[in-house]
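The values are calculated or read from the model by the stated rules, or taken from the named source; none is laboratory data. Worth saying up front: this structure is predicted, and the values here are computed from it rather than measured. Don't worry about glycine lacking a Cβ; one is built from the backbone with ideal geometry, like all the others, and counts go over all protein chains shown. Each accessible area value is taken on the protein alone, full model and side chains, heavy atoms only, with ligands, DNA and RNA left out. Shrake-Rupley method; radii C 1.70, N 1.55, O 1.52, S 1.80 Å.
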Amino acid sequence: MTPQSQATDLVGRLGTLRAEQPVGNAVLDKVNDGTVTEGDLRGMVLTELQAHQAELVAYGVGLAKYPHSPATPFFTQITELVANATPKLVACARALGLGDADLRRREPDPTIYAFSGCLSWIAVTGRQASLALALHTDMTVYFPDCLAIATGVRKSALAAPDEFFDYYEGTASEELLALASEVVDDGLRRGDDPDEAVFSARLLEANIGQFWRAAAESWS
């Protein structure tokens with residue numbers, strides 16, 4: 001196998017692990033069994049707002065550690081993605097009735113911060129391929145789950161504001177996914193360990209499961 005094809009292989013390995021040992025989504029479970037509430041939607045927004053700042057710092061670490069192409073354009077673009085998403089997320093929060101005090105609220109539940117902590121750990125201690133593959137995984141699983149939740153909410157009796165759908169019906173950028181794969185391949189060519197990259201990506205996916213658990217359970 002050539003180095004250029006390794007990222008595709010690693011993504012395939014992760015897909016197999018995902019099929020064999022799926023990570024749960026507590027919010028989607030509630031949507032599917034008809035018990036989702038507006039409080040769960042608020043929990044999604046509040047948990048995500050907790051994560052955005054940590055994400056931006058993690059991407060900044062990536063820019064500082066890997067000041068070369070294709071890593072620099074990738075971390076720049078994913079930073080812009082989150083930075084541009086934050087005002088839309090705040091608008092969603094307002095439409096769901098969350099005020100300034102709610103947005104400043106902090107809950108001492110470790111599950112709320114599990115995703116941020118894991119991503120930060122990968123950014124600080126991991127290598128280029130590990131961070132890029134973890135972010136590829138994040139985009140691969142997060143966006144479809146958000147879309148599935150939004151689709152289920154539309155079909156339910158729950159009244160959600162337009163701002164919720166404006167935010168959560170987005171899809172992953174194929175261009176950004178492809179760029180993430182390029183960064184993985186570049187890291188592997190520079191000597192990064194492919195097994196370590198898979199471990200990091202799978203660990204982050206497990207913590208995305210904690211993210212959904214926090215959204216569904218931590219803000220009531």
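What distance in nm separates the simple spin-label points at Gln53 and Glu20, each placed 7 Å from Cα in the Cβ direction?
For the pair Gln53/Glu20, the computed spacing is 4.0 nm.
How high is the FRET efficiency from Ala159 to Glu80, r the C-beta distance, R0 30 Å, rounded to 0.05?
Details: r = 32 Å, r/R0 = 1.08.
Computed FRET efficiency for Ala159 and Glu80 comes out at 0.40.
Counting only helical runs of four or more DSSP H residues, what would the 222 nm mean residue ellipticity of the chain come to if each run contributes -39,500 (n - 2.57) and the total is spread over all its residues?
On the way: 10 runs with 172 residues, N = 220.
Helices in the chain give a 222 nm mean residue ellipticity of -26500 deg cm²/dmol.
So which aspartates and glutamates pass the test for Lys155, namely a Cα distance under 18 Å, with those fewer than 8 places away in the same chain ruled out?
Hits, sequence-local ones excluded: Asp29, Asp33, Glu38, Asp40, Asp145, Glu163, Asp166, Glu169.
For a quick check of your reading of the filter: which trypsin sites (Lys or Arg not before Pro) in the stretch 137-220 sit in a DSSP loop and have no more than 15 other Cβ atoms within 10 Å? Walk me through the numbers on the way to the answer.
Values: sites: Arg154, Lys155, Arg189, Arg190, Arg202, Arg213; in loops: Arg190.
Answer in residue order: Arg190.
Counting only protein heavy atoms, what percent of the accessible surface of the stretch 37-218 is carbon or sulfur at a 1.4 Å probe? Write out the running numbers ahead of the final one.
Numbers: 4190 of 7600 Å².
Taking all protein chains in place, the stretch 37-218 shows 55 percent carbon and sulfur surface.
How much accessible area per residue does the chain have, in Å², with a 1.4 Å probe?
On the way: 9950 Å² over 220 residues.
Roughly 45 Å² per residue, with all protein chains present.
Could you give the angle, 0 to 90 degrees to the nearest 10, between helix 71-95's Cα long axis and the longest principal axis of the Cα atoms of the chain?
Here the helix axis deviates by roughly 0 degrees.
Compute the semi-axes of the equivalent ellipsoid of the chain, taking the square root of 5 times each eigenvalue of the Cα gyration tensor, and list them largest first in whole Å. Spell out each step's value before the answer.
Details: eigenvalues 185, 67, 47 Å².
After scaling each eigenvalue by five and taking roots: 30, 18, 15 Å.
Let's test the formula: R0 of 35 Å, r as the Cβ-Cβ distance of Ser120 and Thr171. What FRET efficiency results, to the nearest 0.05?
On the way: r = 26 Å, r/R0 = 0.74.
With a Förster radius of 35 Å, E is 0.85.
Tell me, what ³J(HN,Hα) does each residue in the stretch 47-58 have, in order and in whole Hz, if you take phi through Karplus 6.51 cos²θ - 1.76 cosθ + 1.60 with θ = phi - 60° and put x for Gly and Pro?
For the stretch 47-58, the Karplus-derived couplings read 5, 5, 4, 4, 7, 4, 5, 5, 4, 4, 5, 4 Hz, x marking Gly and Pro.
Let me know the charge dipole size of the stretch 37-218 about its Cα centre in debye, to the nearest 20, where only the beta-carbon of Lys, Arg (+1) and Asp, Glu (-1) is charged. Provide the component values of the computation, followed by the final result.
Working: 14 positive and 26 negative charges, 66 e Å.
Dipole size: approximately 320 debye.
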